[in-house]
Amino acid sequence: MEEQVKKKKVLSLIQPSGTPTLGNYLGALKNWNEIAEEYDCAFGVADLHAITVRQDPAKFREQIRNMYALLIAIGLDPEKNILFVQSQVPTHAQLAWILDCYTQFGEMSRMTQFKDKSKTHADNVNVGLFAYPALMAADILLYQADLVPVGADQKQHLEIARDIADRFNGIYGQTFTSPEPLFVKEGARVMSLADPTKKMSKSDANPKGFISMLDTPDVIMKKFKSAVTDSDACVKYAEGKDGVNNLMSIYSACTGKSYDAIEAEFAGKGYGDFKVAVAEAAIEELRPVQDKFNQLINERAYLEDCMKQNAEIATKISQRTLDKAMKKIGFYQFKG
Ligand code: TYM
């Protein structure tokens, strides 16, 4: 009899806190599509995470639907992968509370994202923002994920998810799979076009800093043309050339060309030509996704059907892990 090789499990989520950026695409979404070919995957819209920052209700609803449609538009098949909206799967919030009680105040206080966001949202430093990594750990551990594809900015959150899993397993015996991160080579940290020392973020107040996945070709071209570089006029990957390094990394992630090949291609040319080439590569990269998105976003009934079916599947799978954890802790179990 032929032996069935069990595929590794993969899980990742993205927040619907605005239209995702080229950073989200190159650091995460683009690769999810490739990963889905190889692994047993669950991908989700992290709407519970998004309310750690105040959201406008009407816009929020639209962003959740857009993000869900984008997951399908990048090529993920909702029949073959689990594509869910986090708030539609009640186990996430339930396990998050439990994990809160197995996470120390001190270790949460070290999270750099919490420190950064407490500064940018100083008027709303809520407990959810602080406990955010325990919810993220719940997302991952519920599906017994072996691998979690994320951009470099999520490294610390992945480490704490592993620590929480190991701690729980240490107390109660094997309950959760200890997850490993899966980083992409190029595009793992796409930087702001306006300030290349900061990561490209969909919540940046300066729209020139980020390319949204739904920006029109004209807007993409304009934003790349105004990208911050330096006065060297030399396309070369080197320390201190943050702006150029970022553009090279984007160009490489979009075209598959190595840094050496890019340096050779633009030898003796100015930044003007280079920026146009990067913009064109990004436009071509996003074009098929935008076309599919524009078609899908009007198919509301189809999207809602996919959401409902997938929420049911996700609930069923994750409930098994939640039940196991609750039993180990000693929550009351019915005999009959
Ligand atoms: P989020 O929504 O900020 O980003 C989604 C994914 O995009 C990656 N990313 C980037 N990659 C490269 N360059 C950038 N400038 C850039 N900005 C974002 C992120 O690393 C991420 O992979 N907490 C997570 C969402 C989450 C999650 C999870 C992820 C919730 N639960 C469970 C994995 C597993 C977040 O805020 O990602």
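The values are calculated or read from the model by the stated rules, or taken from the named source; none is laboratory data. Note that the structure is a prediction, hence the values are computed from the model and not measured. Counting neighbours? That spans all protein chains shown, and the Cβs are built from the backbone with ideal geometry, glycine included. Heavy atoms of the whole protein, side chains included, go into the accessibility calculation; ligands, DNA and RNA do not. Shrake-Rupley method; radii C 1.70, N 1.55, O 1.52, S 1.80 Å.
Tabulated values for the structure
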item: Backbone HN-Hα couplings from phi across segment 318-325 [Karplus 6.51/-1.76/1.60, Hz, Gly and Pro as x]; result: 6, 4, 4, 5, 4, 4, 4, 5
item: Amide H within-cut-off set for residue 182, under 5 Å, with H built and near neighbours excluded; result: 148, 150
item: About the Cα centre, charge dipole magnitude for the chain (Lys/Arg +1, Asp/Glu -1 at Cβ), debye; result: 880 debye
item: Accessible surface of the chain, 1.4 Å probe, proportion on carbon and sulfur as whole %; result: 52 percent
item: Segment residue 284-residue 334, length gained on full extension (0.36 nm per residue, minus Cα span); result: 12.3 nm
item: Dipole moment magnitude, nearest 20 debye, segment 1-153 about Cα centre, only Lys, Arg, Asp, Glu C-beta charged; result: 480 debye
item: Net charge of Cβ neighbours under 11 Å - reference residue 177; Lys, Arg +1; Asp, Glu -1; result: 0
item: Segment 248-329, accessible area per residue, ligands and nucleic acids excluded (1.4 Å, Å²); result: 52 Å²
item: Table column - 3J(HN,Hα) (Hz), segment 40-53, Karplus curve with 6.51, -1.76, 1.60, x for Gly and Pro; result: 8, 10, 10, 10, x, 9, 8, 6, 5, 5, 5, 7, 5, 10
item: Cα gyration tensor, the chain - rounded (a/c under 1.5), prolate or oblate; result: prolate
item: Accessible area per residue in Å² at 1.4 Å probe, computed on segment 192-243; result: 54 Å²
item: Distance between segment 312-336 and segment 128-188 - C-alpha centres, whole angstrom; result: 20 Å
item: Residues residue 93 and residue 124, FRET efficiency given R0 of 22 Å [Cβ-Cβ distance, rounded to 0.05]; result: 0.65
item: Mean Cβ count within 10 Å, highest first, over the residues of peptides 273-283, 322-332; result: 273-283, 322-332
item: Positive-end residue of 278, 172, 183, charge dipole of the chain with Cβ unit charges; result: 172
item: Local net charge near residue 308, Cβ-Cβ under 14 Å (Lys/Arg +1, Asp/Glu -1); result: -1
item: Furthest towards positive pole of dipole, 318, 332, 307, structure part segment 288-336, Cβ charges; result: 332
item: Net length gained if the chain between residue 273 and residue 219 were fully extended (0.36 nm per residue, minus Cα distance); result: 17.7 nm
item: Amide H contacts of residue 191 (H built 1.01 Å from N, under 5 Å, at least 5 apart or other chain); result: 200
item: Computed [θ] at 222 nm, helices only, for the chain once each DSSP H run of length n ≥ 4 contributes -39500 (n - 2.57); result: -16500 deg cm²/dmol
item: In order through segment 93-109: 3J(HN,Hα) via Karplus (6.51 cos²θ - 1.76 cosθ + 1.60), integer Hz, x for Gly, Pro; result: 5, 5, 5, 4, 4, 4, 5, 3, 7, 10, 10, 8, 3, x, 5, 5, 5
item: Three-way shape label, segment 1-117, alpha-carbon gyration tensor, a/c 1.5; result: oblate
item: Calculated FRET value between residue 295 and residue 80, using beta carbons and R₀ = 22 Å, to 0.05; result: 0.65
item: Peptides 26-38, 66-78, 93-105 ordered by average Cβ neighbours within 10 Å, highest first; result: 66-78, 26-38, 93-105
